[in-house]
Amino acid sequence: MVGQYYKLSIFYGTFIDVPELSSNNCRIRYNCAVGVTRHDGIIVFMEEEYKGDLIELAQRWDKTLIPHEIQIVDHSNNVNGFFFPGFVDTHIHASQYPNSGLFGKTTLLDWLNEYTFPLESKLNDLHVANQIYNKIIQRTLSHGTTTAAYYTTIHLNSSKLMSRLCLEHNQRAYIGKVCMNQNSPSYYIESSTEESIETTNQLIEYISELNNDKVTPVITPRFAPSCDEKLLSQLGQLAKKHNLPIQTHLSENVNELKWVKELFPQNSSYTDVYDKNGLLTEKTILAHCIHLDDSELNTIKDKKSGISHCPISNSCLGSGECPTRKLLSRGIKVGLGTDVSAGYSPSILDVARHAHMVSRHLAKHENDDSLKLSTTECLYLATMGGAHVMDLHNSIGSFELNKQFDSLFIDLAAKGSQIDLFPWEKDTEKLEKWFFSGDDRNVVTVWVGGKESGRANKALL
């Protein structure tokens, strides 16, 4: 098999990333040679403005290497192309992908009953699950998502299948079997707390036996109304026991907040329900978080939990506008989520654009220009911000020594690209054009852990 004998890959060309939250320009490194070990995908050297022989550079790093053990990926002659960190989707329902774009006139709670629960219930059938999960992995990879926090369904076997498929397609993923034992349809509900905990434990054991750190189990109470307090508490204990990430929904819809208050009258807030049950940790991903009060924001910050901003979903379901700048100014971790299928697009670049626009609508409503997000800040949220939210910031999100090489090669002049370029444009201007007009046609190649993922998946779509 081609590539199996390589010990080192060198990626050469223009590298762009956003390692820090800043309204200024991205970091651009020209003629940059990045060495990546093939066996573990780690960046072992970076040489900026390097114009020498790449084989010699590799042998300087390891004198024992011979040329056929070195893979060269040279894009230095492509003046309209650049390497960019893989996108991080911090909130996506893999099982809901066929419903993308289906809303009717619904808002959150009726949308769940009319569209979502009937579809999710079908994934007990492994043939159906295989069709849906293969397609969503292929589609997200084609748009440059190298890491995703996936919700599956309540079904153990199809959740196991999703874990295997992510490894087969070479996508980094959190896999969360949904837990829900109350206030759910009779045809789609777990019969007891014990069943929910037992199947979650089985998924944890199964993924552990896969012995591949690209796939991680994530504790997944769907949201507070669908879980009784016993289940919430035991899921918190389970996360602590295995040191696992947690994902759930918080404060998405005004009617949802009222419902939580009725169901948990002993708690001071929606956030307090999770906090009192041990579900707020530095590895917790909280989707939406639109309608939080100051006390809740303080709790989330103190617990070092992260927030997944899902602007497309929030707009489509009429849930509201997340005050992203307010969250960031408090030092709360924020990333982006497609929230497929309430979000109609599997593209994090689409989500970043909407985050940019929603911040402007909010700034107009509040008469406060400081609430606006820049394109650079939105690209940070799409990469490094998401890495922080998933507690993977030491491994992914930017191009640094000892990080995983999760990368895209973006070609602004790729076949079919809707970006028109002109010879006088600066690289920063080209980047702005990509932000507003780019799509999957500009994603030429995808690498996760130094291994290619993208081309094969594009061929299957």
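Observations
- The 3J(HN,Hα) values that the Karplus relation (6.51, -1.76, 1.60; θ = phi - 60°) gives for region 131-140 are, in residue order, 4, 5, 5, 4, 5, 5, 5, 4, 5, 5 Hz. Gly and Pro appear as x.
- Taking label points 7 Å from Cα along the Cα-to-Cβ direction, GLU48 and GLU321 give a separation of 3.7 nm.
- Accessible carbon and sulfur surface of the chain relative to its total accessible area, %, 1.4 Å: 48
- When only Cα pairs below 8 angstrom with a gap of at least 6 residues are kept, region 35-111 shows a relative contact order of 13 percent.
- Scanning the chain for trypsin sites (Lys or Arg not before Pro) that sit in a DSSP loop and have at most 14 other Cβ atoms within 10 Å, the longest stretch containing none of them is 106-329.
- Accessible surface, per residue, of the chain when the full set of protein chains is kept, probe 1.4 Å, Å²: 40
- Theoretical gain in end-to-end length, LEU167 to SER374 [0.36 nm per residue, Cα-Cα removed]: 71.1 nm
- Alpha-carbon gyration tensor eigenvalues x 5, square-rooted, for region 198-294, Å: 26, 14, 11
- Full-extension gain in nm, ARG27 to ALA363, via 0.36 nm per residue minus C-alpha separation: 118.3 nm
- Among beta bridges that DSSP assigns inside the chain, antiparallel share in %, nearest 5: 40
- For the chain: relative contact order, % (alpha-carbon pairs under 8 angstrom, 6 or more apart): 20
- Percentage relative contact order, region 343-461, counting C-alpha pairs under 8 Å, at least six apart: 21
- Label-point gap, in nm, between TRP424 and GLU56 - each point 7 angstrom along Cα→Cβ: 4.0
- Gained length - GLN202 relative to ASN243, 0.36 nm times residue gap less alpha-carbon distance: 13.2 nm
- Neighbour-limited loop hits for chymotrypsin sites (Phe, Trp or Tyr not before Pro), region 149-219 (at most 15 other Cβ within 10 Å; DSSP other than H, G, I, E, B): TYR187
- Loop GluC sites (Glu not before Pro), region 33-79 (other Cβ atoms within 10 Å of the site Cβ: 14 or fewer; DSSP): GLU48, GLU49
- Descending Cα extents along the principal axes, region 1-157, whole Å: 61, 42, 24
- Global form of region 114-218, assessed from the alpha-carbon gyration tensor, a/c cut-off 1.5: oblate
- Charge dipole of region 152-196 (Cα centre as origin; +1 on each Lys and Arg Cβ, -1 on each Asp and Glu Cβ, all else neutral): 240 debye, rounded to the nearest 20.
- Value of [θ]222 nm, deg cm²/dmol, for the chain, DSSP H segments ≥ 4, -39500 (n - 2.57) each, nearest 500: -10500 deg cm²/dmol
- Partner aspartates and glutamates for LYS276 [C-alpha distance under 18 Å; skip if fewer than 8 residues away on the same chain]: ASP228, GLU229, GLU262, ASP293, ASP294, GLU296, ASP302
- Computed from the C-beta positions of ASN211 and ARG441 and an R0 of 45 Å, the FRET efficiency is 0.80 to the nearest 0.05.
- Candidates LEU232, SER251, VAL215 compared by Cα position along the dipole of region 209-349: farthest toward the positive end lies VAL215, with charges placed on Cβ.
- Simple point charges give the picture: +1 on the Cβ of Lys and Arg, -1 on the Cβ of Asp and Glu, and for the chain a dipole about the Cα centre of about 340 debye.
- Using θ = phi - 60° and Karplus 6.51 cos²θ - 1.76 cosθ + 1.60, couplings along region 86-92 (whole Hz; Gly, Pro as x): x, 6, 10, 9, 8, 7, 8
- Listed residues ASN80, GLY101, TRP61: farthest to the positive end of the dipole of region 14-141 (Cβ charges): GLY101
- Neighbour net charge for TYR97 - beta-carbon separation under 9 angstrom, K R +1, D E -1: +2
- Computed E for ILE72/GLN131 - FRET, C-beta separation, R0 41 angstrom, nearest 0.05: 0.60
- In order through region 192-200: 3J(HN,Hα) via Karplus (6.51 cos²θ - 1.76 cosθ + 1.60), integer Hz, x for Gly, Pro: 6, 4, 4, 4, 4, 5, 5, 5, 5
- Rounded, prolate or oblate (a/c below 1.5 giving rounded, otherwise prolate when a/b exceeds b/c) for region 1-76 by Cα gyration tensor: prolate
The values are calculated or read from the model by the stated rules, or taken from the named source; none is laboratory data. Since this is a predicted model, take the numbers as computed values, not measurements. Please note: Cβ atoms are built from the backbone with ideal geometry, for glycine as well, and neighbour counts cover all protein chains shown. Side chains are part of the model used for accessible areas, which takes the heavy atoms of the whole protein and leaves out ligands, DNA and RNA. Shrake-Rupley method; radii C 1.70, N 1.55, O 1.52, S 1.80 Å.
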